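Presented below is the structure to which this report refers.
The values are calculated or read from the model by the stated rules, or taken from the named source; none is laboratory data. Nothing here was measured: the structure is a model prediction, and the numbers come from that model. Cβ: placed from backbone, ideal geometry, glycine included. Neighbour counts: every protein chain shown. The area values use the complete protein model at the heavy-atom level, side chains included, leaving out ligands, DNA and RNA. Shrake-Rupley method; radii C 1.70, N 1.55, O 1.52, S 1.80 Å.
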Amino acid sequence: MNPEEALRTDVHQALDAIARPTPELLPAIAQRLRPTFRRRPLRAIGQVAAVLAVGLVVGGVVFATHRARVIGPAPVTTSPTTPIVAGPGANNAWVTSQQSSNNAYIGDIVTGIDPSGHVVGRINAKDETRSPDGSHLYALTDQGVDVFSAVDGHKEQTIHLSPISFGVQTPSADGRYLAVAGDSMLQLVDLLAGRPIASIDVASAAQGTPVIVGSHAEHVYLVGKTITRFAFDGSRLRVEQQTTSHTLACDGLVAGGSNSAGGLSFRVLADSRTLVAFCPMNGAVDWVDLVRLTQTHEVLVPQRNPFWVTPVFSSDGNTLYLYEGGTGELHVIDLIHQAIGRSTKVASADANPLAWLRSLLVTEAYAGAIDRTAALSPDGNWLYAIGDFGGPAGVSLVHLPDLGVRGRWIPDASFNSVWVSADGRTIYLLENGDHFRVLRTDGSQVAKLILPASTFGFIVPTTP
């Protein structure tokens, strides 16, 4: 028996004497200490000595720990009153599984699953995003953008661009345009026409994430350490204004890859001149005036560790929900009045007894990825919140008008990502171990599948 197995056995035997069998916590820690091919998410783990310290304190934890099982109320339905109108295929979930060669990331297998639990298609791609109406998926290639149908994953077209080795893509809010920034170039694509319509060298501008504003893409912002505003006159892009100093807490917008998979961490408000951005590194919410290119306000939200908080915007863009899966804390940010409206805790009390100890010894951070531990129903009435770090927590049903927890589904299961279909009638859950569940709004299970190895997140509609 190797040291890892011996330590795991000692912990389980001690804890099983007073509670039900403990989830496989220590193997998950040890696994993260081994080499991994993933480009994202990359988890920054503490020293190996921290793991060994578990053995020194297990005795104290065993005698100090008592776990009471919480029995939820009667089943509750979260079915929306009015279906949400969206594009074809918008109710299908698309989930990414990373692929590697010689321990290097080479792309994703993107699997489409419909509300009945059937696989509708698979795509080989990388650097994916999804249209605001959910009907298409876009994947960057060396030569341009591949456009796939969200109905069954078939490729509809390739839009050829100037060659790029690495880029970040963002659609306009209405889904008409796509901006691609990479290799010192900003390119603007008309998705309806299926062709690029403008490009500009941005070597002297900020490297960052593109944001399109205006029904005809009148302005494109490149947001990084500095912010550059480009004007588009229908045929060409030109630099209109540029800042010269630090503007945002994160020195830019956190986007691209799996950061865009569960929804962006920023949003342009309805006035078309205010950008709100959440920084997962320090919990800052920044308001930026896009006309003056200045930060006008900032709110700091407490978080235990970087990248623990999932940002979820309401459909009208007036509210930002910040949920920390590691602690179960939920903060409601009023984006109009620029303040924290309410804060509460919606975590399950039935957490793994060593989860707190692990959080002290192991720093959980993501170099380029945010776990999507919360999802909002399209009608804005429900927030589906899951735990993190492998402990059983199930799915908490949070009624948003009063932030009350109305119930909990599958309390013995451990999930790491959640998404709700466009019509609000199907809840998709990615479980640890590449297992995938499809639920109805009454909590009944439609299907359970096993996906390809290294599945890590959803590709969901992207609204900037």
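Please go through region 396-427 and pick out each residue that is under 17 Å from the mean Cα position of the chain (by Cα) and farther than 21 Å from residue 330 by Cα. The answer is 421, 422. Applying the criterion of being at pLDDT 90 or above and assigned to a loop (DSSP other than H, G, I, E, B) to the residues of region 284-319, the residue that is nearest to residue 398 (Cα to Cα) is 314. Within the set 173, 217, the sole residue that is under 21 Å from the mean Cα position of the chain (by Cα) and either surrounded by 15 or more Cβ atoms within 10 Å (Cβ to Cβ) or basic (Lys, Arg) (or both) turns out to be 173. If the condition is being crowded, with 19+ Cβ neighbours inside 10 Å and without any contact (Cβ under 8 Å) to a residue 40 or more places away in the chain, then region 421-438 contributes 431, 437.
Exactly one residue among 165, 131 is of a type in the set (S, T, N, Q) and closer than 18 Å to residue 264 by Cβ, and that residue is 131. Between 235, 199, the distinction of being out of contact with any helix residue (DSSP H, G or I) (no Cβ under 8 Å at 6 or more places or on another chain), part of a loop (DSSP other than H, G, I, E, B) and either at pLDDT 95 or above or polar (S, T, N, Q) (or both) belongs to 235 only. With respect to the conditions (1) under 22 Å from the mean Cα position of the chain (by Cα); (2) at pLDDT 80 or above; (3) not in a strand (DSSP E or B), residue 391 lacks only one, and its number is (2). The residues of region 139-155 that are open to solvent by 50 Å² or more (accessible area, probe 1.4 Å) and within 14 Å of residue 195 (Cβ to Cβ) amount to a single one, 143. Close Cβ contacts (under 6 Å, 6 or more residues apart or on different chains) running from residues in region 310-333 that are charged (D, E, K, R) to residues that are surrounded by 24 or more Cβ atoms within 10 Å (Cβ to Cβ) and modelled with pLDDT under 90 comprise 324/308; 324/309.
Tallying residues that are closer than 14 Å to residue 112 by Cα and part of a loop (DSSP other than H, G, I, E, B) within region 401-457 yields 3.
Among the residues making up region 276-308, a single one is touching a residue at least 60 places away in the same chain (Cβ under 8 Å), in contact with a Pro (Cβ under 9 Å, 6 or more places away or on another chain) and open to solvent by less than 10 Å² (accessible area, probe 1.4 Å): 280. Within region 104-124, the set of residues being buried (at least 21 other Cβ atoms within 10 Å of the Cβ) and among the aliphatic types (A, V, I, L, M) comprises 110, 113, 123.
Checking each residue in region 217-243 for being of a type in the set (Gly, Ala, Ser) and in contact with a Phe, Trp or Tyr (Cβ under 6 Å, 6 or more places away or on another chain) picks out only 217.
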